[in-house]
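All of the numbers you see were taken from the coordinates with simple rules; none came from a lab. It should be emphasised that the depicted structure is a prediction, and the values quoted were computed from it without experimental measurement. All Cβ positions, even for glycine, are placed from backbone atoms using ideal geometry, and neighbour counts span all protein chains on display.
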Amino acid sequence: MTIKRLQPEERLTGAVVHGHTVYLAGQVADDPTLDAEGQTADILRQIDALLAEAGTSSARLLSVQIFLSDMNDMAAMNRAWDAWLDRDAKPARATVEARLADPRWKVEITGIAALP
């Protein structure tokens with residue numbers, strides 16, 4: 001079975017396609033000066049682009065892990081998440097507080113999606 005790597009960078013690949021599954025690397029906002037809601041919206045836009053490049057969509061997300069640098073940002077993150085979420089295709093989700101690699105980042109999201 002082949003492995004396809006999308007948007008490779010120096011130390012990681014944005015997404016890896018193997019079989020009928022897409023594995024997303026942790027995505028962070030392009031603009032770390034945004035608030036948690038803005039960072040989340042930016043990350044979800046990036047996820048949409050990666051999934052489209054892989055040949056799938058957010059409606060086929062199986063599992064998502066959300067890392068918040070501060071759990072007090074949960075409501076702000078959820079506002080962006082709720083505006084983006086397909087209510088008929090909700091993935092399994094875990095949200096945890098974690099110290100992120102750059103202290104300006106408030107949100108990081110990773111996940112696994114199925115291909116059609």
request  = Go through region 59-81 and give me each residue that's more than 13 Å from G38 (Cα to Cα), part of a helix (DSSP H, G or I) and within 15 Å of the chain's Cα centre (by Cα).
outcome  = A59, R60
task = Output the number of residues of region 9-33 satisfying the condition of being surrounded by fewer than 17 Cβ atoms within 10 Å (Cβ to Cβ) and assigned to a loop (DSSP other than H, G, I, E, B).
result = 10
query = Does D42 qualify as being crowded, with 18+ Cβ neighbours inside 10 Å and assigned to a helix (DSSP H, G or I)?
reply = yes
inquiry  = Just to be sure I understand, how many residues within region 73-96 are exposed (fewer than 13 other Cβ atoms within 10 Å of the Cβ) and either of a type in the set (A, V, I, L, M) or in contact with a helix residue (DSSP H, G or I) (Cβ under 9 Å, 6 or more places away or on another chain) (or both)?
reply    = 8
request  = Give the residues of region 98-116 that are more than 9 Å from the chain's Cα centre (by Cα) and more than 22 Å from G19 (Cβ to Cβ), sorted by residue number.
outcome  = A98, R99, L100, A101, D102, P103, R104, W105, K106, V107
query = Right, A89: of a type in the set (A, V, I, L, M, F, W, C), touching a residue at least 12 places away in the same chain (Cβ under 8 Å) and in a loop (DSSP other than H, G, I, E, B) or not?
reply = yes
query = Since E108 meets every condition but one in (1) outside any strand (DSSP E or B); (2) closer than 14 Å to L34 by Cα, which condition does it not meet?
reply = (1)
